[in-house]
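First up is the structure itself, then whatever we jot down about it.
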Amino acid sequence: MSKAEGQQVVARNRKARHQFEVLETVEAGMELRGPEVKSIRAGNVSFQDSFARVERGEIWLHSLHISPYEQANRANVDPTRPRKLLLGKHEIRRLAAKVEEKGLTLVPLDIHFSRGYAKVTLAVGRGKKLHDKRETLKRREQEREAQRAVGAR
């Protein structure tokens, strides 16, 4: 967990930046039920295949798995239920317009706590093709080699 400017990052979607070209990021609140917050604080979150979708003027986060909190046996809810994201009306309209463009999608990058509230960082991204992924890996390897050469001197 890292702390930067009062934010405590709980979970990162490591595959998101590999599979998508991030064009823009937005921070959104999440509508959660009681024990889900404790489970997120414990880091029991999985981003596998999660995405956000604009539906009837609201943004919903789908397929985010928040494991049930052990001590709240009866109060637990479905771990993969859709969760409403809290954004302003103008921001939702702006994101909806961008997502309607061809090939753009909303992908969660991380979940963090900001001043005690659970927030998700959403990215407007375009899916990478296989050759784009290879290009990114090649560029990263070249940067590592350059750093090693500078460090050796």
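The values are calculated or read from the model by the stated rules, or taken from the named source; none is laboratory data. Only a predicted model underlies this, so the values are computations on that prediction, with no experimental measurement involved. Here the Cβ is made from the backbone with ideal geometry for all residues, glycine too, and neighbour counts use every protein chain on show.
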message = Among the residues in region 62-85, are any over 21 Å from V9 (Cβ atoms), in contact with a helix residue (DSSP H, G or I) (Cβ under 9 Å, 6 or more places away or on another chain) and acidic (D, E)?
response = yes
query = For region 101-127, what are the residues that are of a type in the set (K, R) and either free of Cβ contacts under 8 Å to residues at least 40 places away in the same chain or closer than 24 Å to V45 by Cβ (or both)?
reply = K102, R115, K119
task = Tell me which of these V107 doesn't satisfy, since it passes every other one: (1) closer than 17 Å to A11 by Cβ; (2) loosely packed, with under 14 Cβ neighbours inside 10 Å; (3) among the β-branched types (V, I, T).
result = (2)
key: Elements of type strands (runs of 3 or more DSSP E) in region 63-144, at least 2 residues being of a type in the set (S, T, N, Q)   = 104-114
request  = Kindly list the number of the only condition in (1) over 15 Å from H112 (Cβ atoms); (2) within 15 Å of the chain's Cα centre (by Cα); (3) surrounded by 13 or more Cβ atoms within 10 Å (Cβ to Cβ); (4) modelled with pLDDT of 85 or more that fails for E21.
outcome  = (4)
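Among the candidates R94, R81, single out the residue that is more than 14 Å from M30 (Cα to Cα) and either of a type in the set (D, E, K, R) or touching a Gly at 6+ places or on another chain (Cβ under 9 Å) (or both). Steps first, please.
Working: R81 fails: more than 14 Å from M30 (Cα to Cα).
Of R94, R81, the one residue that is more than 14 Å from M30 (Cα to Cα) and either of a type in the set (D, E, K, R) or touching a Gly at 6+ places or on another chain (Cβ under 9 Å) (or both) is R94.
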ask   = Hey, any hits in region 26-48 for a residue that's free of Cβ contacts under 8 Å to residues at least 40 places away in the same chain, in a strand (DSSP E or B) and under 15 Å from V120 (Cβ atoms)?
value = yes
ask   = Within region 49-90, can you find the residues that are among the charged types (D, E, K, R), loosely packed, with under 14 Cβ neighbours inside 10 Å and without any contact (Cβ under 8 Å) to a residue 24 or more places away in the chain?
value = D49, E55, R56, E70, R74, D78
Only one of E58, E36 that is among the acidic types (D, E) and modelled with pLDDT of 85 or more = E58
